[in-house]
Amino acid sequence: MKDFIRDFAVCPVCQKEFSFDKVASTSIKISSYDLDLKPEYRDINVSLYSLITCPNCYFTFQEKDKDYIYEYLNSLNTEEVKLFLNKIDKKSLPEADNSSSKSHEFYATQLMIAANIYAILGLPSEVVKILIKFAWYYREQNEEEKELGILYYCGKIIEKNYQTFSEEDYIFSLFYLGYINYRLNNKKEAANLFDYLLKNYNNPTNPYLKAAKFLRGELK
Ligand SMILES: [Zn+2]
């Protein structure tokens, strides 16, 4: 069985088609989860392939959004995205690479570009998901200060926007706000957030509620 499958996407900004490698579902193996449900992958680091970049204009988006990302673009925000992409000094960046041999450096570049693009598109819950992956990236590199910096910034975006999120993203985001407070040593605020979630939502299959219950126990 092959570990990667070649797929194609059309850039919603410059309309160029490009190929990318995605991990075959049979090659996604998780050995454990961190306290915030960051998966620890065996063999292939699947997160690395969750973002794809147009090699022509550097528009970068989540692979899961490839069939409907164009729905979020209109003439106004497309111009804003183009301005942002033009401002990036592409010569100083690693070359766009959507292949199975993508480097960690290029993945970090993709995270930075994607976080900016989803912010321009007015999708803060997606910005949160990308920033959490950015924090995971620094955790894997053992750069705790940078990880905490990203988590702090992510917490600010959650605080500003969570009331507009769908129920699924609301639970996910409030769990992370609790986790971020836990990591930043604001134990009381973390406990309050977990208590709020556990009091108001009772879905035994939701992994974030389970993780909230576990972390709440750690805070006693
Ligand atoms: Zn493009």
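The values are calculated or read from the model by the stated rules, or taken from the named source; none is laboratory data. Owing to the predicted nature of the structure, the values given are computational and were not obtained by experimental measurement. Glycine gets a Cβ as well: all are built from the backbone with ideal geometry, and neighbour counts include every protein chain shown.
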Worksheet item: Which of the residues that make up the stretch 162-173 are surrounded by 17 or more Cβ atoms within 10 Å (Cβ to Cβ) and among the polar types (S, T, N, Q)?
Response: SER173
Practice prompt. Could you pull out every one of the strands (runs of 3 or more DSSP E) wholly within the stretch 1-96 that has 2 or more residues that are within 15 Å of the ligand (Cβ to nearest atom) and surrounded by 13 or more Cβ atoms within 10 Å (Cβ to Cβ)?
Written response: 4-10, 17-23, 51-53, 60-62
Discussion item. Checking the structure you have, find out if any residue of the stretch 101-115 is within 14 Å of the ligand (Cβ to nearest atom), in contact (Cβ under 8 Å) with a residue 60 or more places away in the chain and in a loop (DSSP other than H, G, I, E, B).
Written reply: no
Worksheet item: Which of the residues belonging to the stretch 135-182 are under 14 Å from the mean Cα position of the chain (by Cα) and more than 27 Å from HIS104 (Cα to Cα)?
Response: ASP169
Worksheet item: Going by the structure shown, is ASP21 farther than 27 Å from TYR208 by Cβ, touching a residue at least 12 places away in the same chain (Cβ under 8 Å) and in contact with a Lys or Arg (Cβ under 7 Å, 6 or more places away or on another chain)?
Response: yes
Worksheet item: Any residue at all in the stretch 137-146 that is of a type in the set (D, E, K, R), at pLDDT 95 or above and not in a helix (DSSP H, G or I)?
Response: yes
Worksheet item: Taking only pairs six or more apart or across chains, which ones have beta-carbon atoms under 6 Å, a first residue in the stretch 44-62 that is within 14 Å of LYS129 (Cβ to Cβ) and in contact (Cβ under 8 Å) with a residue 40 or more places away in the chain, and a second residue that is basic (Lys, Arg) and more than 9 Å from the ligand (Cβ to nearest atom)?
Response: SER47/LYS133
Worksheet item: What is the one condition in (1) part of a helix (DSSP H, G or I); (2) farther than 22 Å from SER32 by Cβ that LYS220 does not satisfy?
Response: (1)
